[in-house]
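Chemist: Next up is a structure, given as structure tokens.
The values are calculated or read from the model by the stated rules, or taken from the named source; none is laboratory data. These numbers come from a predicted model, not from an experiment. All Cβ positions, glycine included, derive from the backbone under ideal geometry; neighbour counts span all protein chains shown. For accessibility, only protein heavy atoms count, side chains too; no ligands or nucleic acids. Shrake-Rupley method; radii C 1.70, N 1.55, O 1.52, S 1.80 Å.
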Amino acid sequence: MAPTYKPKNILITGAAGFIASHVANRLVWNYPEYKIVVLDKLDYCSNLNNLNPSRSSPKFKFVEDDIRSADLINHLLITESIDTIMHFAAQTHVDNSFDDSIEFTKNNIYGTQVLLEGCKVTGQVRRFIYVSTDEVYGETDEDATVGNHEGSQLLPTNPYSATKAGAEMLVMAYGKSYGLPVITTRGNNVYGPFQFPEKLIPKFILLAMRGQPLPIHGDGSNARSFLYCEDVAEAFDVILHRGEVGHVYNIGTKRERRVIDVAKDICALFSLDPDKVIQFVENRPFNDQRYFLDYQKLKNLGWSERTAWDDGLMKTMEWYMSHPDWWGDVSGALLAHPRMLMMPGIKRHIDGSEETKSMPSQLMTSNNQNGLPASKSSVMPPKKSYLKFLIYGRTGWIGGLLGKICEKQGIPYEYGRGRLEERSHIILDIKNVKPTHVFNASGVTGRPIVDWCKSHKQETIRTIVVGTLTLADVCREHDLLLMNYATGCIFEHDAKHPEGSGTGFTVEDNPNFIGSFYSKTKAMVEDLLREYDNVCTLRVQVPMNLSPFQFPEKLIPKFILLAMRGQPLPIHGDGSNARSFLYCEDVAEAFDVILHRGEVGHVYNIGTKRERRVIDVAKDICALFSLDPDKVIQFVENRPFNDQRYFLDYQKLKNLGWSERTAWDDGLMKTMEWYMSHPDWWGDVSGALLAHPRMLMMPGIKRHIDGSEETKSMPSQLMTSNNQNGLPASKSSVMPPKKSYLKFLIYGRTGWIGGLLGKICEKQGIPYEYGRGRLEERSHIILDIKNVKPTHVFNASGVTGRPIVDWCKSHKQETIRTIVVGTLTLADVCREHDLLLMNYATGCIFEHDAKHPEGSGTGFTVEDNPNFIGSFYSKTKAMVEDLLREYDNVCTLRVQVPVSSDRSNPCNFITKITCYDKVVNITYSMMVLDELVPISIEMAKRNCRGIWNFTVPGVVRHNEMDSKL
């Protein structure tokens, strides 16, 4: 027998439910030295009252949230120093699983994997006990005298048991692959106090108390083994302290009872006539005849059943008689087939009452498998009967204005405290604020002018691309609508929209302007955000909205403050550029309308037909201050590119009932009066009033309430202090070795290339470790680097279109999270830590064209830009490769059609092609892993950078390869 295990800090999931609450209460009172943290999302079958016996303990903590939140799980494991997990949380009612099996998959399988990933990443959990069910074995033969033992085959017969079996496979795999200390339990039916009355025994007791019929599925001959809850709690106590890692334990009894006999026993307790009370109803789609377990292995640990059936049933009846309203209104659960009780959004309170949350994503996708709204006219209902906003961009113009409007309208709100590129920060904000809606008004907007983004490309990518996509993804996981303020500066006049024609760009038009790095990244993000059904994108155009609060780097407040000081008004170029100006209160009203009437999945332009040239704006401000324009206006060097005009078609917003209210002259006067009354609102802004205030937004400068500034250290900026574009002086420059020795940090342990890298390192005697963190989690990568202290980082992780490339098309958000956010985050963190990143990319971003016709022998070079976006996988990989050009610490290796001498590997293209009846006659470059993976290690030693076509010379046709095999 294994030595007794002594936990310190235990996380129990699903602990407000039936079995887990009994286990939690037992551990709290029998082991007062243990810290017990319980996690429950308070679904329909949970009740905080179940934990009343534990709540007075100083070592007890309750957390309300969902096990599917990876960031929350990681946060809990680390902050609570969890060394033991007892994972009970699950959807368990078989009837519900027939009608809503997807929800069972999400909770039972995905939720379990999130916990396992948390254990893998943190590396601190010493016991992971997974609570499964006897139903994974499937039906036991009626004449069997020996029950299923722990090594019996798993043959689940309903969606519930299938998800539990699937989760068991994950638990076993993580135990084998990552060495996690896992234990699995499979138990018979449990009964007793606190059980939600959708289950057989409490349902029959409550119905008998009410004098109503007892419905039995089929003929009632199905046999079940019942254990009293306190005996089961003791079994988990024994397994926790004496169970052996890697083992499975059945929790069972030899005492079986048919369903019809259970009903008769309950009738006897209430002196009812079974023939009159029992009602036979339609059976389940499939109803296992019998579950029978061999639990000798658990008995060997010292456990045995203590409570006789009659005693346990009497205790249970007495408890329900004493607590008839414990669950509130459960009339729906007492139906013969209560299929829909576990509808997401039903949350049970301590007093048994219910609160219904809206279910935007569920309702929108109820008849739509791809996660998009059934039609463009579908509208997301309000989340709750009240509103609470979480706003990002507190110090910005729109963000600050949003707060003022919320105060005016009496809407509760809080500003986000986290950084958007940090997934865990957003999760913590959502947990603390509990918002109904999220607003994203943060980001870099080309301040002080759009050229800032060009000279600070990595910071722009981190904020605009990674930050926005991470926020959208986390909001989607938490079922929250995200109002995202985008830009209209992604268009330029073309043949269909000639200047002066009056034809504006519609919301359906694709961006056609990437002349600035700011516009390029904003266009990329808008394109990817179309894949999120929880995002409302608002294209804001030149928000020089004649308003208070605007930082004076922008045109109008700058001109007003300069005029107040009697200084020249600098105009870039000749001032002929036309802009459309809206007053801030009109814009706020537009957002009000969109919030309450906007349709999910839609884009709204917020615009005006009233345009003014920059020179005319300057003249109007001169008139307000009685200044001579000819003497005050000063023409200065133009921007490298200065858009001539932005013009929007905003009819779609007008159709919602919005219209511009403030005339130009009135808005300009109000704005001037505000700045005259608040000349020191922004403190010292002399730098912002320069003609070309390039460096004001340098990361690390934080503005305080009093207008003073604080400077933070900027390691990544120091690296490029003598290089305005953030790139090395020439392509031939080589990053010097970081240290005199090598140590590799490799991501992609379970992948083909990642696994091969580890073997080669072992062969060459190079120290290495595999990354434990998730790449979309910035803090995980930083922790990996801190622990491993690598000299180089290799990225061989990601989704590669498994099992075929169509997977990415049907899992777009997961693809964005991994390929886009994950890769860019890794590159950025490596840059901050002065580390070379060897990134395995793809060559599947090209297709033959006029310059590269098929059969010509003319291949694509490393300078060529991707021209193939026919698959979602290729599209995202092309976007990332384009952005990675801005990182001087990245070596991008374009891999295409990997093959190797290992014919047993199912990823090997040679292996795949032999299984096909037919193959297409297409030429491809190929990567021979046996030769090129070692070369990539040599390239790392030499600190190579840039983009490399990482294939062997020449091409081969699929049918040629097939004919030679």
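Here's the yes/no breakdown for (1) more than 28 Å from the chain's Cα centre (by Cα); (2) of a type in the set (Lys, Arg):
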| residue | (1), (2) |
| --- | --- |
| Thr463 | no, no |
| Val466 | no, no |
| Leu471 | no, no |
| Arg476 | no, yes |
| Leu482 | no, no |
| Tyr485 | no, no |
| His497 | yes, no |
| Phe513 | yes, no |
| Met524 | no, no |
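Chemist: May I ask you to verify whether Gly751 is in contact with a Ser or Thr (Cβ under 8 Å, 6 or more places away or on another chain), of a type outside the set (A, V, I, L, M), closer than 18 Å to Tyr178 by Cβ and open to solvent by 10 Å² or more (accessible area, probe 1.4 Å)?
Modeler: On the way: in contact with a Ser or Thr (Cβ under 8 Å, 6 or more places away or on another chain): yes; of a type outside the set (A, V, I, L, M): yes; closer than 18 Å to Tyr178 by Cβ: yes; open to solvent by 10 Å² or more (accessible area, probe 1.4 Å): yes.
Taking the combined requirement at face value, the residue satisfies it.
Chemist: To continue, here is another question. If you take the residues of region 401-459 that are open to solvent by 10 Å² or more (accessible area, probe 1.4 Å) and among the small types (Gly, Ala, Ser), which of them is modelled with the highest pLDDT?
Modeler: The selected residue is Gly416.
Chemist: Would region 469-489 turn up any residue that is in a loop (DSSP other than H, G, I, E, B), open to solvent by 30 Å² or more (accessible area, probe 1.4 Å), closer than 30 Å to Leu77 by Cβ and modelled with pLDDT of 85 or more?
Modeler: Going through region 469-489, the residues in a loop (DSSP other than H, G, I, E, B) turn out to be 478-480, 488-489.
Within this subset, residues satisfying the condition of being open to solvent by 30 Å² or more (accessible area, probe 1.4 Å) are 478-479.
Then drop every residue that is not closer than 30 Å to Leu77 by Cβ, which leaves 478-479.
Applying the additional criterion that residues be modelled with pLDDT of 85 or more yields 478-479.
Looking for residues that are in a loop (DSSP other than H, G, I, E, B), open to solvent by 30 Å² or more (accessible area, probe 1.4 Å), closer than 30 Å to Leu77 by Cβ and modelled with pLDDT of 85 or more, one finds at least one in region 469-489, hence yes.
Chemist: Further question on the same structure: Listed residues Leu170, Leu72, Leu116; which is farther than 22 Å from Val238 by Cα and modelled with pLDDT under 90?
Modeler: Going through Leu170, Leu72, Leu116 in turn, just one is farther than 22 Å from Val238 by Cα and modelled with pLDDT under 90: Leu72.
Chemist: Still on this structure: Kindly state which helices (runs of 4 or more DSSP H) lie completely within region 709-802 and contain at least 1 residues that are under 33 Å from the mean Cα position of the chain (by Cα), within 29 Å of Leu115 (Cα to Cα) and at pLDDT 90 or above.
Modeler: 752-764, 778-788
Chemist: Return yes or no: is Lys522 among the basic types (Lys, Arg), surrounded by fewer than 21 Cβ atoms within 10 Å (Cβ to Cβ) and at negative phi? Walk me through how you get there before you give the answer.
Modeler: Working: among the basic types (Lys, Arg): yes; surrounded by fewer than 21 Cβ atoms within 10 Å (Cβ to Cβ): no; at negative phi: yes.
So Lys522 does not fit the description; no.
Chemist: Something else: Is it the case that Lys652 is assigned by the TED database to the domain that holds Leu561 and part of a helix (DSSP H, G or I)?
Modeler: no
Chemist: Just to be sure, is Val136 more than 26 Å from Ile102 (Cα to Cα) and crowded, with 21+ Cβ neighbours inside 10 Å? Before the answer, list the steps.
Modeler: On the way: more than 26 Å from Ile102 (Cα to Cα): no; crowded, with 21+ Cβ neighbours inside 10 Å: yes.
Taking the combined requirement at face value, the residue does not satisfy it.
Chemist: So, one more: With the requirement that a residue be in a loop (DSSP other than H, G, I, E, B), open to solvent by 70 Å² or more (accessible area, probe 1.4 Å), out of contact with any helix residue (DSSP H, G or I) (no Cβ under 7 Å at 6 or more places or on another chain) and in contact (Cβ under 8 Å) with a residue 12 or more places away in the chain, what does region 619-649 give you?
Modeler: Glu637, Phe641, Gln644 - these are the residues of region 619-649 that are in a loop (DSSP other than H, G, I, E, B), open to solvent by 70 Å² or more (accessible area, probe 1.4 Å), out of contact with any helix residue (DSSP H, G or I) (no Cβ under 7 Å at 6 or more places or on another chain) and in contact (Cβ under 8 Å) with a residue 12 or more places away in the chain.
Chemist: Which of (1) closer than 28 Å to Ile82 by Cα; (2) buried (at least 18 other Cβ atoms within 10 Å of the Cβ) is the odd one out, the single condition Leu206 does not satisfy?
Modeler: Every listed condition holds for Leu206 apart from (1).
Chemist: Going by the structure shown, is Gln567 polar (S, T, N, Q) and out of contact with any strand residue (DSSP E or B) (no Cβ under 7 Å at 6 or more places or on another chain)?
Modeler: Yes; evaluated as a whole, the condition is true for this residue.
Chemist: Step by step: first the residues of region 809-850, then only those that are more than 17 Å from Asp784 (Cβ to Cβ) and among the aliphatic types (A, V, I, L, M), then the one that is most open to solvent (accessible area, probe 1.4 Å). Which residue is that?
Modeler: For region 809-850, the residue satisfying everything is Ala850.
Chemist: Please go through region 7-51 and give me each residue that is of a type in the set (Gly, Ala, Ser) and modelled with pLDDT of 90 or more, ordered by number.
Modeler: Passing the criteria: Gly14, Ala15, Ala16, Gly17, Ala20, Ser21, Ala24.
Chemist: Something else now. Inside region 128-166, can you point out the residues that are within 30 Å of Ser81 (Cβ to Cβ) and out of contact with any helix residue (DSSP H, G or I) (no Cβ under 7 Å at 6 or more places or on another chain)?
Modeler: The one that is within 30 Å of Ser81 (Cβ to Cβ) and out of contact with any helix residue (DSSP H, G or I) (no Cβ under 7 Å at 6 or more places or on another chain): Val131.
Chemist: Can you confirm whether Ser54 is among the hydroxyl-bearing types (Ser, Thr, Tyr) and at pLDDT 90 or above? Outline the logic, then answer.
Modeler: Numbers: among the hydroxyl-bearing types (Ser, Thr, Tyr): yes; at pLDDT 90 or above: yes.
Yes; evaluated as a whole, the condition is true for this residue.
Chemist: I'm checking my understanding of the structure. Among residues of region 247-273 that are within 46 Å of the chain's Cα centre (by Cα) and of a type in the set (S, T, N, Q), which one is farthest from Tyr137 (Cα to Cα)?
Modeler: Among those residues, the one meeting the criterion is Thr253.
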